[in-house]
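A.B. asks: Here it is, the structure, as structure tokens.
The values are calculated or read from the model by the stated rules, or taken from the named source; none is laboratory data. On a predicted model such as this, the values are computed, not experimentally measured, just so you know. All Cβ positions, glycine included, derive from the backbone under ideal geometry; neighbour counts span all protein chains shown. These area figures cover heavy atoms from the full protein model, side chains too; ligands, DNA and RNA do not enter into them. Shrake-Rupley method; radii C 1.70, N 1.55, O 1.52, S 1.80 Å.
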Amino acid sequence: MRQPTEKELAMLRNSYQPGSLVVLDSMEDRQAPPPGTQGIVMGVDDVGSIMVQWETGSTLSLIPGVDSFHTKTDGMEEVRKEILLIRNTGRTNMFDIPAVKAIARELDFTSLLDFLKRNREKYIHFIFTGKF
């Protein structure tokens with residue numbers, strides 16, 4: 001596999017932003033999740049692999065042009081992205097909702113703040129399972 005150009009990396013990172021949902025169609029890997037498994041994009045690495053947190057717990061990356069997958073939208077991409085960004089700061093336990101809210105206010109994460117006002121149970125479910 002050849003190294004992608006900076007332009008190709010930028011296009012991949014724009015297409016597969018953290019918080020996006022992907023669904024696996026097929027992957028030639030013994031450790032691959034089953035077809036139909038959903039995952040959350042964590043980012044695109046410097047070799048163009050799409051880093052995914054699969055609902056099975058696996059973190060096997062997707063290789064564009066090799067693996068078969070598609071994106072799925074559910075309207076929660078921005079909330080998911082903001083949760084992941086807060087988690088990646090390492091500043092709080094994600095179950096400490098007052099601390100999560102404080103960081104969200106500090107970072108001006110209005111989507112997450114609005115979501116937490118109405119959906120505390122769904123937020124907790126997401127932290128446990130990765131699904132809303």
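A.B. asks: For the stretch 1-27, give me the residue count where each residue is closer than 12 Å to F69 by Cα and either in a strand (DSSP E or B) or open to solvent by 60 Å² or more (accessible area, probe 1.4 Å) (or both).
C.D. replies: Number of matching residues: 6.
A.B. asks: Applying the selection to the stretch 62-75, what residues are surrounded by 17 or more Cβ atoms within 10 Å (Cβ to Cβ) and either of a type in the set (D, E, K, R) or in contact with a Ser or Thr (Cβ under 6 Å, 6 or more places away or on another chain) (or both)?
C.D. replies: Matches in the stretch 62-75: D67 only.
A.B. asks: Do we find that F95 is part of a loop (DSSP other than H, G, I, E, B) and among the aromatic types (F, W, Y) in this structure?
C.D. replies: On the way: part of a loop (DSSP other than H, G, I, E, B): yes; among the aromatic types (F, W, Y): yes.
The answer is yes for F95.
A.B. asks: Looking only at the stretch 78-108, count how many residues are open to solvent by 40 Å² or more (accessible area, probe 1.4 Å), of a type outside the set (G, A, S) and over 30 Å from R2 (Cβ atoms).
C.D. replies: Counting residues in the stretch 78-108 that are open to solvent by 40 Å² or more (accessible area, probe 1.4 Å), of a type outside the set (G, A, S) and over 30 Å from R2 (Cβ atoms) gives 14.
A.B. asks: Can you go through D46, D74 and tell me which one is in a loop (DSSP other than H, G, I, E, B) and over 30 Å from D114 (Cα atoms)?
C.D. replies: After ruling out the rest, the residue left standing is D46.
A.B. asks: Let me ask another. Being touching an Asp or Glu at 6+ places or on another chain (Cβ under 9 Å), open to solvent by less than 50 Å² (accessible area, probe 1.4 Å) and in a loop (DSSP other than H, G, I, E, B) is the filter here; which residues of the stretch 112-132 pass it?
C.D. replies: Residue satisfying the conditions is G130 alone.
A.B. asks: Report the residue count in the stretch 49-71 for those that are within 21 Å of L9 (Cβ to Cβ) and part of a loop (DSSP other than H, G, I, E, B).
C.D. replies: Matching residues across the stretch 49-71 total 7.
A.B. asks: Moving to a separate point now. Limited to the stretch 46-61, what total is found for residues that are closer than 11 Å to Y16 by Cα and either open to solvent by less than 50 Å² (accessible area, probe 1.4 Å) or at pLDDT below 95 (or both)?
C.D. replies: Qualifying residue count, the stretch 46-61: 4.
A.B. asks: So which residues in the stretch 28-43 are in a loop (DSSP other than H, G, I, E, B), of a type in the set (G, A, S) and under 26 Å from Q3 (Cβ atoms), if there are any at all?
C.D. replies: Passing the criteria: only A32.
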